[in-house]
Protein chains: 2
Amino acid sequence: MDTIHEPGKEEIISAAERIRPYIHRTPVLTCSAIDEIAGARIFFKCENLQKAGAFKSRGAVNAVFSYDPYDIKQGVATHSSGNHAAALARAAQLKHIPAYIVMPENSSKVKVAAVKTYGGRITFCLPTLEAREEKLNEVLSETNAFEIHPYNNYAVIAGQATAALELIEDYTDLDVIIAPVGGGGLLSGTALASHYFSPLTHVIGAEPSGADDAYQSFYQKKLIPSFNPDTIADGLRTSLGSLTFPIIRQLVSDILTVNDQATIEAMKLVWERMKIIIEPSSAVALAIVLKHKHRFEGQRIGIIISGGNVDLMHLPWL
Amino acid sequence: MDTIHEPGKEEIISAAERIRPYIHRTPVLTCSAIDEIAGARIFFKCENLQKAGAFKSRGAVNAVFSYDPYDIKQGVATHSSGNHAAALARAAQLKHIPAYIVMPENSSKVKVAAVKTYGGRITFCLPTLEAREEKLNEVLSETNAFEIHPYNNYAVIAGQATAALELIEDYTDLDVIIAPVGGGGLLSGTALASHYFSPLTHVIGAEPSGADDAYQSFYQKKLIPSFNPDTIADGLRTSLGSLTFPIIRQLVSDILTVNDQATIEAMKLVWERMKIIIEPSSAVALAIVLKHKHRFEGQRIGIIISGGNVDLMHLPWL
């Protein structure tokens, strides 16, 4: 196996130190009722309790705080309909620079409000990837802002890796860590953290079957983008990136998929039994453990709960 | 001021040691967004993340594990429509003795299911206090079980005190701790813990205006039971007890009330911003802080989040 050089072990350690003042060290929760159902011992790393409600705060803060202040003095920019948008706006606010966020015009009100809370400057566009990229290019050339991609960025990946690093610091003997996979920032960071700091722990990606580009790419050994993704897990509709896929291909043990019905059931189970609010994207990992009970039976499993940003007026089981 | 002798300081320390193997040391969470709204620094002691979803597990375990095994070998019993029922069933299961629970026939399905999960033996009765007490007496004489009252019991009070004890261990310099008040087990325990372990911290009771017997009793200096309580905070409809009232009268600084609309708004705010599920009874304390902003401005406030048992099919804002 080739050595992965970027981001390296030291970059992840630096990221953890750099972001520490600006993020929560989130708790790791357990639930005996869910352990009993799963027949395993599960350690939930609760990034839903993270600043801005998702692990995305780690990568965004690490990126904004690791770049040369001169390079980003005109601000930072991204296109995102989701948690990266709010996380980047918050990180920029901490650094007292503007954040320009291109959002599709059909973005949920809750997510638009979150970006505004942190002072993000929103430009709306048509809800297609093409329109988003075009509008972002306009914004970049108008503002001279620095683009910070939601996942295809090594500083972002190093930041996301710190969630698994903390989990590994708390529990040294996990058999496996499962993280959801959309663009692959969290999964590649988790795989790197495990590779460097807990090499006996396997890392598995959890993906909705309605947006299984990572599964397809992993097994066909080439990058295959999502085509018309259809899943309730809104954070996982994006496709792997050119930087995240090679890390995942090399360091992840497997990608498993599950349908939305199982994801909604797992989500409700966590709400009911653990009393924490997790978004559908976060429930995919638990749904996979419950679907593959024999595979995970008796194991010590870390699950990264990626976020808790849900529209409380529209719950998927109502 | 007379010295309160029961439960004493040592009894609370013993309770903490006794229950430690059977309960979670719950996290204390903070939320900068809510702090900003409140103009204060709030430390949420998250008993919604406790075993069986509420602080009631503390008192129930302490009672069941502190009595002479001979006295309770026929089992324990109580009447309760709520969290004490599940907590007592769980505590009895840990001790391998039966738990007989008298529940009003209109109890929520969720709460009935929780009691059954822990092997509780349920007898249904008419939904009046008289019917509940009559049925419980029948059950007690049939089974020779030992009654463990939800709050009017010193072992239960000492158990509930351990939530505030842990909060005080984590944060030594709180100006005030606010706990919801129904029967007064949590509030009297909180007041005792503060009195013994953080005597400069004030303790305030939070009560719904539609069930303000504690407020009335506190200011009229005599026990005045609830009459037709009307509040969404289902855990707080009960009246103070003969054991809890004297402690509250002596050691609590104030009782404040708030209407259900403000409670529902505070509940939704916590769900949205903190990503944790709290029940209406738990939201009363935050609602009071937001209602009395000037009174609490700039203070370091502990809030005991009492529980998270909510019917997810019926949310109060939908």
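The values are calculated or read from the model by the stated rules, or taken from the named source; none is laboratory data. Remember, it's a predicted structure, so these values are computed and weren't measured experimentally. Glycine also receives a Cβ, built like all others from the backbone with ideal geometry; neighbour counts cover every protein chain displayed.
With of a type outside the set (S, T, N, Q), under 18 Å from A:L129 (Cβ atoms), in the same structural domain as A:E279 (by TED's automatic domain parsing) and modelled with pLDDT of 95 or more as the only criterion, which of A:L240, A:L236 stands out?
Going through A:L240, A:L236 in turn, just one is of a type outside the set (S, T, N, Q), under 18 Å from A:L129 (Cβ atoms), in the same structural domain as A:E279 (by TED's automatic domain parsing) and modelled with pLDDT of 95 or more: A:L240.
I'd like the residue in the range B:128-179 that is within 16 Å of B:A91 (Cβ to Cβ) and of a type in the set (V, I, T) and, out of all such residues, is surrounded by the most Cβ atoms within 10 Å (Cβ to Cβ).
Within the range B:128-179, the match that is surrounded by the most Cβ atoms within 10 Å (Cβ to Cβ) is B:V156.
May I ask you to list the residues in the range B:119-134 that are modelled with pLDDT of 95 or more and within 25 Å of B:N62 (Cα to Cα)?
Matches in the range B:119-134: B:G119, B:G120, B:R121, B:I122, B:T123.
Tell me, which strands (runs of 3 or more DSSP E) lie completely within the range A:18-114 with 1 or more residues that are closer than 21 Å to B:D35 by Cβ and not assigned by TED's automatic domain parsing to the domain that holds A:N137?
A:41-46
Report yes if some residue within the range A:10-17 is within 14 Å of chain B (Cβ to nearest Cβ), surrounded by fewer than 16 Cβ atoms within 10 Å (Cβ to Cβ) and without any contact (Cβ under 8 Å) to a residue 24 or more places away in the chain; otherwise report no. Step through it out loud before you land on a result.
The first filter runs over the range A:10-17 and keeps only residues within 14 Å of chain B (Cβ to nearest Cβ), leaving none.
No: the range A:10-17 contains no residue that is within 14 Å of chain B (Cβ to nearest Cβ), surrounded by fewer than 16 Cβ atoms within 10 Å (Cβ to Cβ) and without any contact (Cβ under 8 Å) to a residue 24 or more places away in the chain.
When you scan the range B:265-274, do you find a residue that is within 14 Å of chain A (Cβ to nearest Cβ), under 20 Å from A:L312 (Cα atoms), touching an Asp or Glu at 6+ places or on another chain (Cβ under 7 Å) and crowded, with 23+ Cβ neighbours inside 10 Å, even just one?
no
For the range A:126-178, give me each residue that is touching a helix residue (DSSP H, G or I) at 6+ places or on another chain (Cβ under 9 Å), in a loop (DSSP other than H, G, I, E, B) and not β-branched (V, I, T).
A:L126, A:A145, A:H149, A:P150, A:Y151, A:N152, A:N153, A:L174, A:D175
Out of curiosity, is B:A214 hydrophobic (A, V, I, L, M, F, W, C), modelled with pLDDT of 95 or more and surrounded by 21 or more Cβ atoms within 10 Å (Cβ to Cβ)?
When the stated conditions are applied, B:A214 passes them.
All but one of (1) farther than 30 Å from A:H24 by Cα; (2) free of Cβ contacts under 8 Å to residues at least 60 places away in the same chain; (3) in contact with a Ser or Thr (Cβ under 8 Å, 6 or more places away or on another chain) hold for B:M267, so report the exception by its number.
(1)
Hey, can you tell me all the residues within the range B:275-311 that are closer than 16 Å to B:D35 by Cα, among the charged types (D, E, K, R) and within 14 Å of chain A (Cβ to nearest Cβ)?
Answer for the range B:275-311, where residues must be closer than 16 Å to B:D35 by Cα, among the charged types (D, E, K, R) and within 14 Å of chain A (Cβ to nearest Cβ): just B:K275.
Anything in the range A:84-119 that is over 24 Å from A:H314 (Cα atoms) and without any contact (Cβ under 8 Å) to a residue 24 or more places away in the chain? List them, or say none.
Across the range A:84-119, the qualifying residue is only A:H96.
How do the pairs read when you match residues in the range A:243-257 that are closer than 20 Å to A:Y151 by Cα with residues anywhere that are modelled with pLDDT under 95 and of a type in the set (A, V, I, L, M, F, W, C), using Cβ under 9 Å and keeping only pairs 6 or more apart or on different chains?
If the second residue must be modelled with pLDDT under 95 and of a type in the set (A, V, I, L, M, F, W, C), the pairs left are A:P246/A:I4; A:I247/A:I4; A:Q250/A:M1; A:Q250/A:I4; A:L251/A:M1; A:L251/A:I4.
Hey, can you tell me all the residues within the range A:275-306 that are at positive phi and either crowded, with 20+ Cβ neighbours inside 10 Å or without any contact (Cβ under 8 Å) to a residue 60 or more places away in the chain (or both)? Walk me through it before giving the result.
Start the filter on the range A:275-306 by keeping residues that are at positive phi, which leaves A:275, A:298.
Selection gives A:K275 alone.
Which of the following residues is closer than 26 Å to B:N153 by Cα and more than 14 Å from chain A (Cβ to nearest Cβ): B:V252, B:V258?
Every option except B:V252 fails the conditions.
Can you give me the number of residues within the range A:96-109 that are crowded, with 16+ Cβ neighbours inside 10 Å and within 14 Å of chain B (Cβ to nearest Cβ)?
1
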